Amino acid sequence: MRSLYVVTHPEATHHVEGVVGGWHDSQLTPAGVLAAVSVARALRALIPDGAVVELFSSDLQRTRRTADEVAELFGVEPVLDRRLREKSYGEAEGRPQAWLDERFIPPPPVGERMDHDEGVPGAETKAVWARRIYAAMDEILRSPREHQIIVTHGGSLTCVVAAWIRMPIESAGHVSFRAPSGSITTLREDDFFHNRQVVSLGDTRHLHSPQG
């Protein structure tokens, strides 16, 4: 039975500053660090003692710091992969959210959405964003390990889950899996039918637990 636990990093400075994240290399806030500790403890409770665990993370500071808390409890080194980053917003990154909102061109309800130009120079299209995460997922899932952890971003979670259920990239233009910061999404594949499940999406119970 393969279990994949996908963590969305907790509160970061770009959240509280009201600026665009993307590849802007923001850090966890003090509250975010405490939440990362809770995430690590929750994962430790979910995964059996003695199980071999693989840990993968986006290379941005806010995800690396989250992964460090997980790594300490499991005694593993995180594999940093820039392909697990959030969508790049190009020139908007680090600017006030209002700056992006004024320029953003939303995708059309029908027609081409994956290659849609959002009107921000340097920003990734959803197609480019999805392809890099799908490629990272292909490599991660080649491993035979039964327990794997991925630390990524709220937006990129959609691409991770879409890749997990083997949704064709061209069909991902209309999909969005929403999860709060500091959440854990549990994905599982059985050993008999090899069906892939989304067991839980965006679980944050550990953030409200008195033991967290």
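The values are calculated or read from the model by the stated rules, or taken from the named source; none is laboratory data. None of these values were measured; they are calculated from a predicted model. Counting neighbours? That spans all protein chains shown, and the Cβs are built from the backbone with ideal geometry, glycine included. In case anyone asks, the SASA skips ligands and DNA or RNA and just uses the protein heavy atoms, side chains included. Shrake-Rupley method; radii C 1.70, N 1.55, O 1.52, S 1.80 Å.
Summary of computed values
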quantity: Wholly enclosed strands (runs of 3 or more DSSP E) of the range 142-203 bearing at least 2 residues surrounded by fewer than 17 Cβ atoms within 10 Å (Cβ to Cβ) and not charged (D, E, K, R); calculated: 196-203
quantity: Which listed residue, of 42, 135, is of a type outside the set (Lys, Arg), in a helix (DSSP H, G or I), surrounded by fewer than 20 Cβ atoms within 10 Å (Cβ to Cβ) and in contact (Cβ under 8 Å) with a residue 40 or more places away in the chain; calculated: 135
quantity: Of all residues in the range 142-165 being free of Cβ contacts under 8 Å to residues at least 60 places away in the same chain and closer than 21 Å to residue 77 by Cα, the one that is nearest to the chain's Cα centre (by Cα); calculated: 142
quantity: Subset of the range 4-24 that is out of contact with any His (no Cβ under 9 Å at 6 or more places or on another chain), assigned to a loop (DSSP other than H, G, I, E, B) and of a type outside the set (A, V, I, L, M, F, W, C) - its residue that is surrounded by the fewest Cβ atoms within 10 Å (Cβ to Cβ); calculated: 18
quantity: Meets criteria (of a type outside the set (D, E, K, R), under 18 Å from residue 143 (Cβ atoms) and either open to solvent by 70 Å² or more (accessible area, probe 1.4 Å) or out of contact with any strand residue (DSSP E or B) (no Cβ under 9 Å at 6 or more places or on another chain) (or both)) for residue 52; calculated: yes
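Here is a yes/no grid of residues against (1) open to solvent by 40 Å² or more (accessible area, probe 1.4 Å); (2) assigned to a loop (DSSP other than H, G, I, E, B); (3) touching a residue at least 24 places away in the same chain (Cβ under 8 Å); (4) within 30 Å of residue 34 (Cα to Cα):
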{"position": "66", "(1), (2), (3), (4)": "no, no, yes, yes"}
{"position": "76", "(1), (2), (3), (4)": "no, yes, no, yes"}
{"position": "86", "(1), (2), (3), (4)": "no, yes, yes, yes"}
{"position": "94", "(1), (2), (3), (4)": "no, yes, yes, yes"}
{"position": "108", "(1), (2), (3), (4)": "yes, yes, no, no"}
{"position": "111", "(1), (2), (3), (4)": "yes, yes, no, no"}
{"position": "119", "(1), (2), (3), (4)": "no, yes, no, no"}
{"position": "127", "(1), (2), (3), (4)": "no, no, yes, no"}
